[in-house]
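The values are calculated or read from the model by the stated rules, or taken from the named source; none is laboratory data. Quantities reported herein were computed from a predicted structural model and do not represent experimental measurements. Every residue, glycine as well, gets a Cβ built from its backbone with ideal geometry; the counts of neighbours run over all protein chains shown. Heads up: the accessible areas ignore ligands, DNA and RNA and are worked out on the full protein's heavy atoms, side chains in. Shrake-Rupley method; radii C 1.70, N 1.55, O 1.52, S 1.80 Å.
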Amino acid sequence: MLVLSLSSLKGGVGKTSITLGLASAAHARGVPTLVIDMDPQADVSTGLDVPVSAEMDVADVLLSPRPRTIQQAITPSGWSEGKRGHLDVIPGSPRSAEFDRPSLSEKYLRRLKEALARTDQSYRLVLIDCPPSLGGLTRAAWVASHRVAVVTEPGLFSVAAADRALRAADEVKRRLARQLQPLGIVVNRVRTNSLEHEYRINELKEMFGPLVLSPSVPERSVLQQAQGSARPIHSWPGETSAQLAAGFDELLERALRAGQMRRRDRGA
Ligand SMILES: Nc1ncnc2c1ncn2[C@@H]1O[C@H](COP(=O)(O)OP(=O)(O)O)[C@@H](O)[C@H]1O
Ligand SMILES: [Mg+2]
């Protein structure tokens, strides 16, 4: 199992969109996947067509990671027509905001990791959609994760923002999560033919080298249309959505390779 957090310093850069794109790729490929919605806004739950008023949600899991609570919180996504074990979700909740303070105690920072160890389902991939801050919720996600992908737009401050996020993850790694490593930086909302964007992407590559993941994700309105209809981009008609889907397939492949490498290293 590979646990991957999608994180960034701020909102609106595309964490939820990348999580949905990867979930869509995993769904199309039949990779058993669990998505955990750590953002109190619960956008990824909406995008995966899961009622946010679910019986149990991520706040209940953080309060009490008992196996029964976890099993009740795990909900099949609307994409998999009620079938459990294919693409499941632990829905988000506005109540999780109370865990987002910077001083969240170690006990709670370890809660999500404990919960994942107690799920009865076997997932190959766990995607954690993080809130737009590096507070308690993102840190709890990192403690539970093997890899973190930092999402950024190709903007003026993207190098500094990606650097801060990677440093914060490294600090959590040293204190509480020895297994945590960066998967890399996903560059989102790239405008084709924008010299400014090209310049910013080169700047990121100079600073972070191979950590800048390929391909980057272009800015396309079909992505918003698919999200607005709570449908996977892989089932959205048209050439543009097929191209986006192919990009997410490649990013998924990269994440799954990291999972395989981890298994080999542990076996060695
Ligand atoms: N590549 C893209 N092309 C078009 N719209 C995008 C793209 N990425 C994100 N968006 C839109 O931008 C807004 C913010 O993205 P979102 O994924 O919610 O960011 P975050 O989760 O980081 O706050 C959403 O309305 C989303 O549909
Ligand atoms: Mg989001």
Hz values of 3J(HN,Hα) by residue in the range 80-87 - Karplus curve (6.51, -1.76, 1.60), Gly and Pro given as x: 9, 6, x, 7, 7, x, 8, 9
Using a 1.4 Å probe and ignoring any ligands, DNA or RNA, find the accessible area of ASP170 and quote it in Å² to the nearest 10. 70 Å²
Taking a ≥ b ≥ c as the square roots of the Cα gyration tensor eigenvalues, with a/c under 1.5 meaning rounded and otherwise prolate when a/b beats b/c or oblate if not, the range 131-250 comes out oblate
Quick one: what are the phi-derived ³J(HN,Hα) couplings along the range 144-152, Karplus 6.51/-1.76/1.60 with θ = phi - 60°, whole Hz, x for glycine and proline? 8, 9, 8, 9, 10, 10, 8, 9, 8
Ranking SER103, SER17 from most to least accessible area with a 1.4 Å probe gives SER103, SER17
Using modelled backbone amide H atoms (1.01 Å from N, in-plane), which distant-in-sequence or interchain residues come within less than 5 Å of ILE128's amide H? LEU4, SER5, LEU6, ILE36
Give me, ordered by chain and number, the residues 5 or more places off GLU153 or on other chains with an amide H under 5 Å from its own placed amide H. ASN188
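Assigning unit charges at the beta carbon (Lys, Arg +1; Asp, Glu -1) and nothing else, what dipole magnitude in debye, to the nearest 20, does the chain show about its Cα centre?
In total the dipole reaches around 1060 debye.
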To the nearest 500 deg cm²/dmol, what mean residue ellipticity at 222 nm is calculated for the chain from DSSP H runs of n ≥ 4 alone, each contributing -39,500 (n - 2.57), summed and divided by the residues? -14000 deg cm²/dmol
What are the semi-axes of the equivalent ellipsoid for the range 44-120, taken as the square roots of 5 times the Cα gyration tensor eigenvalues, largest first, in whole Å? 22, 14, 9
In Å², and per residue, what accessible area does the chain have when probed at 1.4 Å with the other protein chains present? 45 Å²
Could you pull out every residue, at least 5 positions away or on a different chain, whose amide H is within less than 5 Å of the one on VAL89? Hs are placed 1.01 Å off N in the peptide plane, and Pro or chain starts have none. VAL35, THR75, SER77
What part of the accessible area of the chain, given as a whole %, is carbon or sulfur when the probe is 1.4 angstrom? 50 percent
Can you work out ³J(HN,Hα) from phi for every residue in the range 208-223, in order, using Karplus 6.51 cos²θ - 1.76 cosθ + 1.60 and θ = phi - 60°, giving whole Hz and x for Gly and Pro? 10, x, x, 5, 6, 6, 10, x, 6, 10, x, 7, 9, 5, 4, 5
Over 29 Å between C-alpha atoms is what I'm after, so list which of LYS15/LYS113; LYS15/LYS173; LYS107/LYS205; LYS173/LYS205 land there. LYS107/LYS205
With a cut-off of at most 11 other beta carbons within 10 Å, and DSSP calling the residue loop, which trypsin sites (Lys or Arg not before Pro) in the range 88-190 qualify? Please list them. ARG178
Convex hull of Cα atoms in the range 2-267, direction-averaged projection (nm²): 13.1 nm²
